[in-house]
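Have a look at the structure below, then the notes.
The values are calculated or read from the model by the stated rules, or taken from the named source; none is laboratory data. Source: prediction; values computed, not measured. Cβ coordinates were reconstructed from backbone atoms using ideal geometry, including for glycine residues, and neighbour counts include every protein chain displayed. For the accessible areas, the whole protein counts, side chains as well, though only heavy atoms, and no ligand, DNA or RNA atoms are used. Shrake-Rupley method; radii C 1.70, N 1.55, O 1.52, S 1.80 Å.
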Amino acid sequence: MTPPSVRRYLSLGAVAGILASSAYVAAPAWAADGQAASTASPDAPPVGTPAGGTPGAGTPAAGTQVSGLSEVPLDAAVQRDLGLTREQFTAAGELGAQAAAAAAQLRDVPGYAGIRLADGHVVVTGSGPEFLAKVAALAGTLPDLTVEAPQARRTDGGAAPSGGGAANGSQLAVSTEQLFQTYVRDVGPEGLQAVMAADGKFVIRTGALNAPESAGQAGGVAADATTAAGTTAAGTTTAGTTAAGASGKVSPADFVARYANVELDGGAPLKPEAEVPGGVGYIADTGWICSTGFSAFDPAGLPAVLSAGHCASDGQAVTATLEFQFVRKDPLGEFGFSQFGGPGNSRIIENPADPENPGNVGTDISVIHNIPEGLDPLPAASTWGDPSQPGPDVKIIGTADPVLGMPICRSGRTSDWSCGTVDAVGIYVVPGPDFAADPTDLRAFRGFLSYGVQSSGGDSGGPYVSGNYAVGTHAAGDAPPAPGEPVPANFAVGATISEGLAVLPGYQLELFLNKPAVSSPLPGGSYEPGQAISGNVPAAPASAVAAGSTVKVTVEGKDPVEVPVDAAGNWSFTAPEGNGPLRFTAETVNGFSTSGAVEFEFAKAAAEPPALELPAPEPPAPEQPQPVPADPAPVPAVPADPAPPVPAPAAPQPPADAGLVVVPLDAGTSPADLANTGASGLVPAALAAAAALAVGIILTILVRRRGRRSAK
C-alpha cells in the first residue's frame, strides 16, 4: 500500500506536471464504489497552472470541476505553437523518425550535407554519384524523399582571411563535428556558443560573453575583444571580427571566411536552466532544481530516471527529492552515473580519449536510480493530468534523432508544455559549474536548438518529444542580458537522447506496449493441435508498435517462447499437441519493457464421427444381342370343298423381352432419360410384329377369294 504522503504529493504533481515525462504514480487507490479515490491536496493549483501560479494553456475556469486526465495543455500547446492538431503532430513524429533513420544511413556517404523536413516531405541535401545512388535506394522505403543541391550562402562580407589562412571561400564544411574540431584547434573554445547545421549551411555562433581576448594591434592600440554585433544586408546578426591572438590563432571571422557554406552568427550565451526555484520537479541535495526526463531501466532491469547531467553538479549530488513550490517532499532516488560534457565531465580542452585533439564533445545526461517502491516511472510524457489514473499521456515507443524542421514539444516543471520546430542541429557549448572562477570550464555536447520552444529555470532534464518518440532532454536556454544590453532572441537547447544513451551501456528507455489480443481462434472457439494461433498488438493510443517488440507466449506446462511482432502488430505461434484445452499467457515484450500478461484458454475441437463406408455398387451386366425371328413358313392351300374353316396360322411371337413398353414423357423428361432396351429393343420388335400381321392379312384375303371362286 502506498503511503498517504506519497499519494498526496503525486496528486500535486499531477496538477503542475510532476515528474514531467516519467509521470510517476503511486499504486492507484480505489474507493469502495469503484471510483478513483481523490488524493488531491487542498492547496494544489488548478490543472495547467505553471509553478509561478500563472494559469497555463488549458487552465479551467474558476469553480470548474476537474477530474481524470486532461490533455488540454499539450493539445493547446501543439495548436498554439505549431498550428497542428494532436493527430498531425503524431504523424509528423512518425515522419521525423523515418527521416532520422535515413540520416543515419546517409551520414557517412560522400556528398551528404544534411536532412530536413519541409511541408510534409523529407528533403536531403547533397551531391555526387555515391550520394545520389544511396538516396535512390532509400526512395523505395521513403516515398516522400526529395533531393536538393547544397547552397553556398555568405553574409559576412567575405573578408579575406589574415595570417596566411586558406583562400576566401575555397573550402566546404562537411559536418558539424569536423567544423567544431577545426574551430577549436584554430580559434579556441573561448566565446564559442555553438557549431550548427541549419537551412542547408553551417553556422558558428559566438556570444558577447566568454569572448576571446584580443591581441595588441599595430600602433600599440588595444582592440576590444569583440566589436558590437552588426546586422548584414541579409538580416543575419554577425559577431564582430577579432584580431588574431599572439598564439597564432585566427579570429572567428577569419576562420569562417575560409568556407563557402559557413556563416558567423552572434547570439546570447547559453545558460543551464536548473537553478530557479518554484514549481514541481525534483531538487538535488546540492540545491539544484530540475525536471525528470524519461523512464528507463538499468542493465539489471531495475527502474531508473534520466535527466540532465549538469543537474548532478559533476557528481557532487547524491540524492534527489521530489519538491513542490521549493518544498522538499518524498525521496525520488539517488544519483548514479552523470556526464556533463566529455567523459568524466571533462571540458572542451580536456580530451581523455585523444589528448592531441582538444575538441572534446560529449553529452548532458544523468541517471537517478534506487527508486522507492511507491513510485512507478511510466513510459510517457505527462499531459499534466491525474497520474493516479491510467490515461492518454504521450506514450513513448522509441527514440528519434533531431532533424531540421521536425516538430517537437518540451515538458518541464516550470514552463509546462511548449512546442516548436528543430531549427538547428549541432554541438553546443555551455559553462560548467566552475565557470565563474575558471572561464575555461566550458562543456560541449551534441544537441539541437529551437527558436520557438519556450523554457525557464528548473526545466532542465525535461523531455523533448516528437509524436511518440523521445528526441532529447532539456539542457539550456538563452541567458538573460547584462544590464543595459538588448534582450536576446529566445531559443531553447536540448541534448540528443541517443547520445546520452550511448554513454550508458545496458540502459534502455522504458517503452509503451499494449497487451496482445488473440484473433484466431475467436473468443469462445476451439483449437486443433498444429493450428496457427494468431493475434495482434494494438498501437493506439500511440502511433505504432515499438520496433523490435515480441510476444512472449507461455503454454501451460511448457517453456515460454517469444514470437516476433510485425510492423502491423501481428503475431502467431503453432498450437502444441495435446488432448485437453489449450491454456497460455501472452505478454508484449521489448527489452525490459513489458505490457503485462493476458491469459487465454481454448477448448480442443471435438473429434468428428467416422463416415459410413458403403459398398461400391456393382456394374450392370453387359447386354447380350437378341436374335431376330426368321420369316414364317408358307401356309398350305385351302381345299375347295366346304370344310370347317381352317384357323389362320398364329403370328410368330417375338421373344419375351421384345415387348413394347410405353413410357409417358412429362415436361421434365427427355428421350435421353429413357432406359436403353438393347439390340432387341422397340424397333426390331415392332418390325417383326408388323410383318407377321401383314402376312396373316394377305393369307386371309387369298383364302376368301379362293372360296368365292369355288362357289361359282
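Summary table
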{"item": "In order through the stretch 429-439: 3J(HN,Hα) via Karplus (6.51 cos²θ - 1.76 cosθ + 1.60), integer Hz, x for Gly, Pro", "result": "10, 10, x, x, x, 9, 4, 4, 8, 9, x"}
{"item": "Förster-model FRET efficiency, 45 Å R0, R80 and Q171, C-beta, rounded to 0.05", "result": "0.60"}
{"item": "Whichever lysines have a C-alpha closer than 22 Å to that of K515, once near sequence neighbours (fewer than 8 apart) are set aside", "result": "K395, K552, K558"}
{"item": "Protection-proxy order for peptides 536-542, 553-559, each taking the mean of Cβ atoms within 10 Å per residue, highest first", "result": "536-542, 553-559"}
{"item": "Under 5 Å, built H, 5+ apart or other chain: amide partners of S519", "result": "S534, G535, N536"}
{"item": "Accessible surface, the stretch 396-547, averaged per residue in Å² (probe 1.4 Å)", "result": "31"}
{"item": "Karplus-derived HN-Hα couplings along the stretch 551-568 (A = 6.51, B = -1.76, C = 1.60, θ = phi - 60°), whole Hz, x at Gly and Pro", "result": "10, 8, 10, 10, 7, 3, x, 10, 5, x, 10, 10, 10, x, 10, 7, 4, 8"}
{"item": "Placed amide H near D298: partners under 5 Å, 5+ positions off or other chain", "result": "A304"}
{"item": "Per-residue ³J(HN,Hα) for the stretch 293-303, Karplus 6.51 cos²θ - 1.76 cosθ + 1.60, θ = phi - 60°, Hz, x for Gly and Pro", "result": "x, 10, 6, 8, 10, 7, x, 8, x, 8, x"}
{"item": "Distant-in-sequence amide H partners of Q531 (H built 1.01 Å from N, under 5 Å)", "result": "A575"}
{"item": "Sum of side-chain charges, V305 neighbourhood, beta-carbon under 12 Å (Lys, Arg +1; Asp, Glu -1)", "result": "-4"}
{"item": "By average C-beta atoms within 10 angstrom, highest first, the peptides 485-494, 95-104", "result": "95-104, 485-494"}
{"item": "Full-stretch length increase - E556, L302 - with 0.36 nm per residue and alpha-carbon distance subtracted", "result": "88.7 nm"}
{"item": "Solvent accessible area, Å² - F297, 1.4 Å probe, full protein context", "result": "20"}
{"item": "Protection proxy ranking, peptides 591-598, 520-527, average beta carbon neighbours within 10 Å, highest first", "result": "591-598, 520-527"}
